[in-house]
Amino acid sequence: MSKQLYELGERPPLGEVPEKMHAWLVRADRFGKPTEAFQKEVVNTPTIGDDEVLVYVMAAGVNYNNVWAAMGIPVNVIAARNKTGEPEDFHIGGSDASGIVYKVGKDVTNVKVGDEVVMHCGTYSRNCDWVKKGGDPMYSPTFKIWGYETNFGSFAQFTRVQAQQCMPKPKHMNWEEAAAYTLVAATAWRMLHGWGASSIKKGDVALIWGGAGGLGSMAIQIAKAVGATSVAMVSGEDKFDYCMKLGAKGCINRNEFDHWGILPHWKDNAGYAKWLKGVRGFGSKIWEVLGEKRAPNIVFEHPGETTIPSSIFVCETGGMVVVCAGTTGYNATVDLRYLWMRQKRLQGSHFANTVQCNEMNELALSGQLDPCMSRAFTYEELPVAHQLMADNKHPHGNMSVLIGATGFGLGVSGKPSVTMVHPTLPKGDVHTTPAPYPISAPLPDIAGAEAITIADDGTKVRDLMHRGIISCTPDESVGAVAKIMVDKEIHAVVVMDKDGKAIGVVSQTDMVLARQGRTPEQARAMRAREVMTPGCATCDADLLLSEAVSLMTGRRMHRLVVTEKDLPVGVISMTDVVRKIIE
Ligand code: NAP
C-alpha cells in the first residue's frame, strides 16, 4: 500500500501520488515578512482536472510575485480566490519549476507520466470563447499567473498545472537551472518576437535595458540567436563582461548620463535643450558601441518612467519600444513628435502564450539560452530567498530553490547541441532596482467600473475660492502681465477676449517658461496669447474641493478659474487647498 506522506527528498515510486504533501504555505494571519509568512505545513495533494497534470517538483524558481503574495499586498491572493469559490484558506506560491510528471488528466496528450518537464506560468480556461475561436490566450479574460493568481504553485512536493504549461526540460541543465529561466525568458521572447513586422530580425540592432538582470540577460541571448546585434544597458562596468559573454556587442554604463527621468516641458526651451544634449550624447554612445551610426530597431524596456523618453528618442524611425514593466514608475512621458513624425511604436507586452513559451524553450533545449542562475537555495532557505528579494539584497540573475531534488547540480542527463560559455555575474553585485510593486489586479476597465468610496468632508470650491478675476487681453505684453502679477501678488492672470470670455491663463510657470532660453527683452516683448495655457481650465463653484484638486493634479495645474452659471467669478488654487490643511 502506498504511503500517505513521503519525506522531502524521498521520491515516491513513479506515478504513485500520496494523499498528502510537504509545502511552504502562506496564510492570511501571517501576511508580512517573507521569513515569517512562509511556513512549512503538510496539506492534501491537489487533485487534477481533465486537462491538468500533477508534477513532482524538483526545483522552483523565485520571483517577485511571491514576495508580494507573502506580504498580502496589494492583493490578498487567498481572499481573491475565495471570492471566486475556491475553498483553500492558504496560498502555495511558485511560478517557475522543473519536475517529473506523476499523473495526467484524461484529455492530456502532450506529456505522459515520467516525462521531465519545465513549466511556464501562463494559465487560461480552454473553454473561454476567445481562446476557442483561436484568439491569443494572453488576451483572454481567464488568463492567470500560475502560483500567484492560482493556488498550488511550485513551492510544494507536487504542483497542479495545465498540460499546456508543460514543456520538455533541457537535458543539459540541472534541476535548479531548469527551474530558473522560463518566466523571464518567455516574457523576453514575446517582447522581441511577438509583434509582427516590428519583431526582431537578423541584422537588427536591439537596445536592452538591464542587460545583467533577469529579463535583460534572456533578451541578449534571444537577440543573438536571431542574428541581431544588441547593446546592453547596465549600471556599472563590472557587468560588461557578463553581458558580452551572453552575446551583447557592447555595453553602456547608464551612470555616465544624467538626463534620465520625466521629459522637461516642451515649452521649457532651456530644460529641453539640456535634455536633448543628454539624449543625443546617449545616442552617440550607442553608435560608438556599435561602431557604426545605427539606431536600435527595437528597444527592450522595463525601467519605464525614467528611461522611456530616451528609449523613444533613440529608437530607429519605424522601430519599436516594447515594454513589460515600469520598475521606476508608471507615468512615462512621450514627446509625441518623435512618435508620429518618425512613426515609432510603443508596444506593451505581458508574459507569453503557449506557442511563444515553446518557441523560447526550443532555444533553451538547443543550449543557446543560458538560464543565468545566480544563486540556488535549499528547501529550508525558501523564505530567506524571498526575504533577500524583498530587501533588494539578492544578486542579479535568476534564483531557484530545491524542492524534491536532494542536492545541487543533479538532473543533468545530456549535452546540448550548441555549447555556450556559462557566464558568471560579478561577485557582490546586488540589486538597486526599485522593488517592482505589482498591479493591484484586476486593472479597472469599463465593465468593472464601480463606485470607489473615499472620505470627503464635503468642502466645496466656493468655500475656499478667491472672488474676483484679474485678467488681461490676449495682446497684452508679457512684461505688462508680469507687472500685474507682482503688483497684485497673484500667481496667474486670466486671458479674456473682447467678449469677456476666458480663453486661457498665464501662470507663473508660463512666464518662467517664456523666459527660458530668451533674453529678458525678448520675453517681455512676447504677447499673453503666445505664452498662455489655452483653454482656460474652469470648475463650478459648487464642485467638491476634492474633485477640483483631481482636476488640477491631473492637468498638472495649480489653479482653476471658478465659474457660476458659466461666468468666471473667481479662482481656486493649490495654495488655497494647502491653507485649508492647516485650517
Ligand atoms: P531584475 O532582474 O531586477 O532586473 C532589472 C534591471 O533593471 C536590473 O538589472 C538593473 O540593472 C536595471 N535597472 C534598475 N534600475 C534602473 C534604472 N533606474 N534605470 C534603468 N535600469 C535600471 O528584474 P527583471 O526580472 O529583469 O524584471 C524587470 C521588471 O519586469 C520587473 O518589474 C518585473 O516584475 C517585470 N516583469 C514583467 C513581466 C511581465 O510579464 N509583464 C515578466 C517578468 C518580469 P542595472 O542596475 O545594471 O542597470
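Details
- The stretch between residue 50 and residue 90 holds 12.0 nm of extra length on full extension. This uses 0.36 nm per residue minus the Cα-Cα distance.
- Evaluating 6.51 cos²θ - 1.76 cosθ + 1.60 at θ = phi - 60° for every residue in region 519-535, the Karplus couplings come out as 6, x, 5, 4, 5, 4, 6, 5, 9, 4, 5, 7, 10, 5, 8, x, x Hz, glycine and proline recorded as x.
- At full extension, residue 110 and residue 413 could sit 107.0 nm farther apart than now, given 0.36 nm per residue minus the alpha carbon distance.
- Size of charge dipole - region 499-570 - debye, nearest 20, with Cβ of Lys, Arg +1 and Asp, Glu -1, no other charges: 440
- Label point 7 Å beyond Cα of residue 142 along Cβ direction - residues of region 33-53 with amide nitrogen under 16 Å: 49-53
- Subset of 171/239; 20/103; 133/201 violating a 18 Å alpha-carbon distance limit: 171/239; 133/201
- For peptides 399-406, 545-552, sequence by mean Cβ density within 10 Å, most packed first: 399-406, 545-552
- The trypsin sites (Lys or Arg not before Pro) of region 325-432 that DSSP puts in a loop, and whose beta carbon has at most 11 other beta carbons within 10 Å, are 393, 427.
- Placing pseudo-labels 7 Å out from each Cα toward the beta carbon at residue 36 and residue 499 gives an inter-label distance of 6.6 nm.
- Dipole of region 264-368, positive direction: furthest Cα of 284, 327, 367, with charges on the beta-carbon: 284
- Förster-model FRET efficiency, 22 Å R0, residue 202 and residue 342, C-beta, rounded to 0.05: 0.45
- Built amide H within the under 5 Å cut-off of residue 563, gap 5+: 539, 540, 541, 569
- Heavy-atom surface of the chain, accessible at 1.4 Å and reported per residue (Å²): 46
- Computed [θ] at 222 nm, deg cm²/dmol, the chain (DSSP H ≥ 4; -39,500 (n - 2.57); rounded to nearest 500): -8000 deg cm²/dmol
- In summary, the helical segments of the chain meeting the span-like criteria, namely a full DSSP H run, a Cα extent along the axis of 30 angstrom or more and a mean Kyte-Doolittle hydropathy of at least -1.0, are 269-290.
- The Rg/Rh ratio of the chain, with both radii computed over alpha carbons and Rh defined as the Kirkwood radius, is 1.06.
- Distance from the Cα centroid of region 488-559 to that of region 268-321 is 32 Å (rounded to whole angstrom).
- Here the Karplus relation 6.51 cos²θ - 1.76 cosθ + 1.60, evaluated at θ = phi - 60°, turns the backbone of region 133-144 into coupling constants of 7, x, x, 4, x, 5, 9, 6, x, 8, 4, 9 Hz, with x for every Gly and Pro.
- Loop-located chymotrypsin sites (Phe, Trp or Tyr not before Pro) across region 22-72 with a Cβ neighbour count of 10 or fewer within 10 Å are lacking, with loop assigned by DSSP.
- Rounded to the nearest 10 Å², the accessible area of residue 559 at probe 1.4 Å: 50
- Vicinal HN-Hα couplings computed from phi for region 19-34 (Karplus, 6.51 cos²θ - 1.76 cosθ + 1.60; Hz; Gly/Pro x): 5, 10, 8, 7, 7, 8, 10, 10, 10, 4, 6, 10, 3, x, 4, x
- Note on the chain: with charges restricted to the Cβ of Lys and Arg (+1) and Asp and Glu (-1), its dipole about the Cα centre is near 1500 debye.
- Applying 0.36 nm per residue to the separation of residue 516 and residue 463 and subtracting their alpha-carbon distance, the gain on full extension is 15.4 nm.
- Tensor-based shape of region 91-164 (alpha-carbon gyration tensor, a/c under 1.5 rounded, otherwise prolate or oblate): oblate
- For residue 158, nonlocal amide neighbours, meaning residues 5 or more places apart or on other chains whose placed amide H falls under 5 Å from its own, are 57.
- Inter-label distance for residue 424 and residue 79, nm, one decimal - labels placed 7 Å from Cα along Cα-to-Cβ: 4.6
- Residues whose amide H lies under 5 Å from that of residue 503, counting only those 5 or more places away or on a different chain, are 495, 496, 497; hydrogens are built 1.01 Å from N in the peptide plane.
- Each Cα pair of region 366-406 feeds into the Kirkwood radius, which the Stokes-Einstein equation turns, at 20 °C and 1.002 mPa s, into a diffusion coefficient of 192 µm²/s.
The values are calculated or read from the model by the stated rules, or taken from the named source; none is laboratory data. As the structure is a prediction and not an experimental result, all values here were calculated from the model. Counting neighbours? That spans all protein chains shown, and the Cβs are built from the backbone with ideal geometry, glycine included. Note: accessible area is taken over every heavy atom of the protein model, side chains too, but ligands, DNA and RNA are not part of it. Shrake-Rupley method; radii C 1.70, N 1.55, O 1.52, S 1.80 Å.
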